[in-house]
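Report on one structure; see the data block that follows.
The values are calculated or read from the model by the stated rules, or taken from the named source; none is laboratory data. All of these numbers come straight from a predicted model, not from anything done at the bench. For neighbour counting, all protein chains shown are included, and Cβ atoms are generated from backbone atoms with ideal geometry for every residue, glycine included.
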Amino acid sequence: MTASDAVGDSDAAAGDSVAGDAATGDTPADDHVANPTLGDRFSTVRSVALRVFVGDRLGLVVFLGMLAFVALYWRVGIFITDNYTLANALVALADGHLAVEEAVFGPDLETPGMVLHEGARYGRNYGQIVFTLPFLWGLEALAAVADPGLILPMLWALVLVALGRESGRVLGRPSLGTVVGAVCALVAFAVNVAVARPLTPRLLPVAALQVSAIVATALAVVTLYRLLGRVHDRRTGVAAAMVVGLATPVGFWASLPKRHAVVVALALGICYALFRSRQSPSPDDLVSPLGFRAIAYGLVGLSTWVHGGEAFGIFLALIAVDVPTARSNDVRSLAVLGAVFSVSMIPFFVTNVLISGNPLQPPRVLSSFQYPTSGAGVGGSTGSAGSGGLVPSLIDVLPPILATPVIAVLDRGGVFFGEFITGANTLASDPGRLYRVFVRGGDIKGVSRLNLSQTIYLTVLEAAPIVAGVTAAYATGGVRLSQFVHRAPKNLVTRLRSRSGAFKMSPAVTVDAFVVALATSFLLMYVSELPLHAQLTVRYLHPFYPLAVYGIARQAPLRRAFGTHWQAGLWTWVVGVLLGSQLFVVVVAAGSLGRGEAVQVHAFAGLAVAGVFATLAATSVFTDRFDRATAVAGGLAGALGTDFLLLSGLLYFQYGQYALPAAGWVADLLATA
Amino acid sequence: MDRSRLAVWGTVLVICSVPVLSGPVVGLVDLTKAPLDGIGDGSATVDAVEAPDTARFDRALSSDSYVLKVPDARIHVAAIEGRPLVSYKISIPAMSYSRATTTPAGSRSRWRARRSPPTG
């Protein structure tokens, strides 16, 4: 609520440019003298870090707000069996070795994703694990002096203090914000201390994985704010960031030790870097457009370290959009991109060499030998079929030192491309399964059985009804297409003439194209496996949620509807969260519904509202008469997403121990209701 | 400005010092005790346990069967926290026979358990 109030004022208060605010706003009343003191240096470092990670002060508020929200339903513990693999691998790495020797968590080391190579066991997603290490060290250092059970409430209270202070500054009421933040933090902390429970230090590695995922989520959300803040305005950016964080499953997977939060953060980072690489540079930019283009590739390289397959999909989407639309692909640019990309892949290669001895063989590919039914098996055969004829004869000619990496690349390439080809074949032969992925799930044979016989599978729309707003994009597309067809003959010629040579896309349209390419790439990668158990919210397509919200925010009619009637939308959301969540609790308690049934109640409510919102969003393209209704429907769709986040965290999926003891107290109350 | 700075740093100081006071180094107070709300949660300080030395088989009344009669055991408890369980088990390996009873202990300072073992 405060964040959106902030939107209204911030444009007036913070004025001109996004970056300028960050550069000037941070030092309170210090006069900058010639010789910099330690304090000056600290504030310089702080303002640079602020610009690099969150963009500006409003971005910092978004970041802190996301941290504070996710903690409300953060359960310290293992959610699905895959988590054991990462947690055990993290413990091993913190002990200084890659091989996982001991099952610190879980019954044994036979957990999904654990791979066996030459007698030693290894985890996966090492980029995420290494990213978690500093958080683990931090938590362990704190646990050495502070009560482990109070560390997380303490950190949360400190986030509240900072959130109050920064919100106050953004709103132009610094002292009020500071006092409100401090009082809220003290009261919240006192309540948590009053009902505190011990936390065994044994769980710190799990908590560290969760902290890193939460931080990645907050960075992802703030990156979407920054992107849309530049594409449109900061108000749109904050609204989109709030929607993604509070009303989509991005919040669901935020505190779960899986790769999804990290992949989403990297993907959005690439969108942002791609946009900046097309924007004309301003004098106080820290990085040149070419630098941003290199950052995009660098982030792709880093994502290989988290999940090679998904990184390859991101890479394909990026080169498909970036290379044809770049201002220039001269030797210097390509050399810079190649250099940065190679350097960013070094951690991935080094990890692979240490584990398998082959830089191009990540642990995940080793695991395919254990699961012969997965896409890798299909890909292998495709690869060998595709390399018949010319390629083998080329390899024969090459000296062995060159041929070996070429064979390895082709082999891996076959594995990766195989997934895309399989996906395309699946889409062509069985398009009906998209309905089970995007619209209605329900009781799907095979999925429910493996989901502990519970109907806890939600489709994209059921989990995030707000995503229905993308219909506006389809409507706009339809309108554009019909206009294009009407004046095609003349237009086409002039357009082709004006676009001799390379395409000239505006920065925002470039990102649009990348977003579409990225979504397509993820869909092709995973559609043949979906619907699948242990997905809950179709987590394999996790990047779809922020990308869809980006797509919604890009629609001028929806920006008009929500911009004019943002209060109606916001209040509907508030009421939908406060009353709606209670209504859900009452329905679940009154009907003594099981977990699967409760989730399906959310699914039906979500689909109903999504249908209305989809219709209104599409209508908004043609008329502004229903803008108010559109904003209300959007607010309600968002509220249903938030309700699912809160209730799934506090009621349906209770496990482990709540990071905030007060949240655990509420959850106990709800469980007995 | 100074006053709000004071508020921030004062709050931060309070928030950071409480976990340290309850932490492993200082340990002035323990604010994160596990709640003893369930049956079986808790502990008792036991002064003495008087268990009988012998148990006897008695011929059952108007029957061919025998009844195992085990005298009561006495536990002298100095302090009880929460609701610990008292269990009393008797086993006769030669007969592969074993019985146990479990009773939640009350919170009285002196508490006397009477055990009437089951007949067999």
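Could you please let me know if A:Val191 is within 9 Å of another protein chain (Cβ to nearest Cβ), assigned to a helix (DSSP H, G or I) and surrounded by fewer than 23 Cβ atoms within 10 Å (Cβ to Cβ)? Taking the combined requirement at face value, the residue does not satisfy it. With respect to being touching a helix residue (DSSP H, G or I) at 6+ places or on another chain (Cβ under 7 Å) and more than 9 Å from every other protein chain (Cβ to nearest Cβ), B:Leu68 falls outside the description. Residues of the stretch A:139-154 that are crowded, with 19+ Cβ neighbours inside 10 Å and either more than 13 Å from A:Leu204 (Cα to Cα) or more than 27 Å from the chain's Cα centre (by Cα) (or both): A:Leu142, A:Ala143, A:Ala146, A:Asp147, A:Pro148, A:Gly149, A:Leu150, A:Pro153, A:Met154.
The condition (being farther than 26 Å from A:Ala261 by Cβ, assigned to a helix (DSSP H, G or I) and modelled with pLDDT under 95) is satisfied by just one residue among A:Val575, A:Val587: A:Val587. Among residues that are within 9 Å of another protein chain (Cβ to nearest Cβ), at pLDDT 95 or above and either in a helix (DSSP H, G or I) or over 24 Å from the mean Cα position of the chain (by Cα) (or both), A:Leu158 is included. Scanning the stretch B:27-52 for residues that are facing chain A (nearest Cβ under 8 Å) and hydroxyl-bearing (Ser, Thr, Tyr) yields one hit, B:Thr32.
Taken as a whole, the condition of being of a type in the set (A, V, I, L, M, F, W, C), in a helix (DSSP H, G or I) and either within 14 Å of another protein chain (Cβ to nearest Cβ) or without any contact (Cβ under 8 Å) to a residue 12 or more places away in the chain (or both) does not apply to A:Leu224.
Scanning the stretch B:1-26 for residues that are modelled with pLDDT of 80 or more and either in a loop (DSSP other than H, G, I, E, B) or more than 7 Å from every other protein chain (Cβ to nearest Cβ) (or both) yields B:Arg5, B:Leu6, B:Trp9, B:Gly10, B:Leu13, B:Ser17, B:Leu21, B:Ser22, B:Gly23, B:Pro24, B:Val25, B:Val26. Filtered by the rule that a residue be aliphatic (A, V, I, L, M) and under 24 Å from A:Arg625 (Cβ atoms), the stretch A:544-596 gives A:Ile552, A:Ala553, A:Ala556, A:Leu558, A:Ala561, A:Ala568, A:Leu570, A:Val575. Checking the condition over 27 Å from B:Trp9 (Cα atoms), touching an Asp or Glu at 6+ places or on another chain (Cβ under 9 Å), more than 10 Å from every other protein chain (Cβ to nearest Cβ) and in a helix (DSSP H, G or I), which residue from A:Arg230, A:Arg235 passes? Selected residue: A:Arg235, the only one of A:Arg230, A:Arg235 that is over 27 Å from B:Trp9 (Cα atoms), touching an Asp or Glu at 6+ places or on another chain (Cβ under 9 Å), more than 10 Å from every other protein chain (Cβ to nearest Cβ) and in a helix (DSSP H, G or I).
The condition of being over 27 Å from A:Ala216 (Cα atoms), crowded, with 20+ Cβ neighbours inside 10 Å and of a type in the set (Gly, Ala, Ser) does not hold for A:Ala589.
Is one or more of the residues making up the stretch A:557-564 under 24 Å from A:Thr459 (Cα atoms) and not charged (D, E, K, R)? Yes, the stretch A:557-564 has at least one match. For the stretch A:97-126, residues that are assigned to a strand (DSSP E or B) and either touching a residue at least 24 places away in the same chain (Cβ under 8 Å) or surrounded by fewer than 20 Cβ atoms within 10 Å (Cβ to Cβ) (or both) total 5.
Condition check ((1) touching a Pro at 6+ places or on another chain (Cβ under 6 Å); (2) closer than 30 Å to A:Ala239 by Cα; (3) modelled with pLDDT of 95 or more) across all residues:
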{"position": "A:Val115", "(1), (2), (3)": "yes, no, no"}
{"position": "A:Arg124", "(1), (2), (3)": "yes, no, no"}
{"position": "A:Gly149", "(1), (2), (3)": "yes, no, no"}
{"position": "A:Arg169", "(1), (2), (3)": "no, yes, no"}
{"position": "A:Arg202", "(1), (2), (3)": "no, no, no"}
{"position": "A:Val215", "(1), (2), (3)": "no, yes, yes"}
{"position": "A:Val221", "(1), (2), (3)": "no, yes, yes"}
{"position": "A:Tyr225", "(1), (2), (3)": "no, yes, yes"}
{"position": "A:Leu228", "(1), (2), (3)": "no, yes, yes"}
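Scoring A:Phe626 on the criteria (1) of a type in the set (Phe, Trp, Tyr); (2) under 24 Å from the mean Cα position of the chain (by Cα); (3) more than 16 Å from A:Gln582 (Cα to Cα) leaves a single failure, condition (2). Please determine, by comparing only the residues of the stretch A:194-211 that are outside any helix (DSSP H, G or I) and under 17 Å from A:Ala143 (Cβ atoms), which one is farthest from the other protein chains (Cβ to nearest Cβ). Of everything passing the filter in the stretch A:194-211, A:Thr200 is farthest from the other protein chains (Cβ to nearest Cβ). Tell me yes or no: at least one residue of the stretch A:162-171 is more than 11 Å from chain B (Cβ to nearest Cβ), polar (S, T, N, Q), surrounded by 22 or more Cβ atoms within 10 Å (Cβ to Cβ) and over 27 Å from A:Leu256 (Cβ atoms). Yes. Report whether or not A:Val183 is surrounded by fewer than 22 Cβ atoms within 10 Å (Cβ to Cβ), in a helix (DSSP H, G or I) and either within 12 Å of chain B (Cβ to nearest Cβ) or among the small types (Gly, Ala, Ser) (or both). Yes; evaluated as a whole, the condition is true for this residue.
Residues in the stretch A:130-155 that are among the small types (Gly, Ala, Ser) and either more than 8 Å from every other protein chain (Cβ to nearest Cβ) or out of contact with any Lys or Arg (no Cβ under 9 Å at 6 or more places or on another chain) (or both): A:Gly138, A:Ala141, A:Ala143, A:Ala144, A:Ala146. Pairing residues of the stretch A:639-655 that are at negative phi and surrounded by fewer than 22 Cβ atoms within 10 Å (Cβ to Cβ) with residues that are among the β-branched types (Val, Ile, Thr) and outside any helix (DSSP H, G or I), at Cβ distances under 9 Å and at least 6 apart in sequence or on separate chains, gives A:Tyr652/A:Ile456; A:Phe653/A:Ile456; A:Tyr655/A:Ile78. Just one of the listed residues (A:Leu286, A:Leu318) is in contact (Cβ under 8 Å) with a residue 40 or more places away in the chain, of a type outside the set (S, T, N, Q) and assigned to a helix (DSSP H, G or I), namely A:Leu318. Of A:Ala87, A:Ala71, A:Ala49, all but one fail to be crowded, with 22+ Cβ neighbours inside 10 Å, within 23 Å of A:Trp156 (Cα to Cα) and over 20 Å from the mean Cα position of the chain (by Cα); the exception is A:Ala87. Going through (1) modelled with pLDDT of 90 or more; (2) in contact with a Ser or Thr (Cβ under 6 Å, 6 or more places away or on another chain); (3) farther than 26 Å from A:Ala424 by Cβ one by one, A:Ile552 falls short only on (2). The residues listed here are A:Phe349, A:Phe292, A:Phe312, A:Phe341; of these, the one that is of a type in the set (Phe, Trp, Tyr) and touching a residue at least 60 places away in the same chain (Cβ under 8 Å) is A:Phe312.
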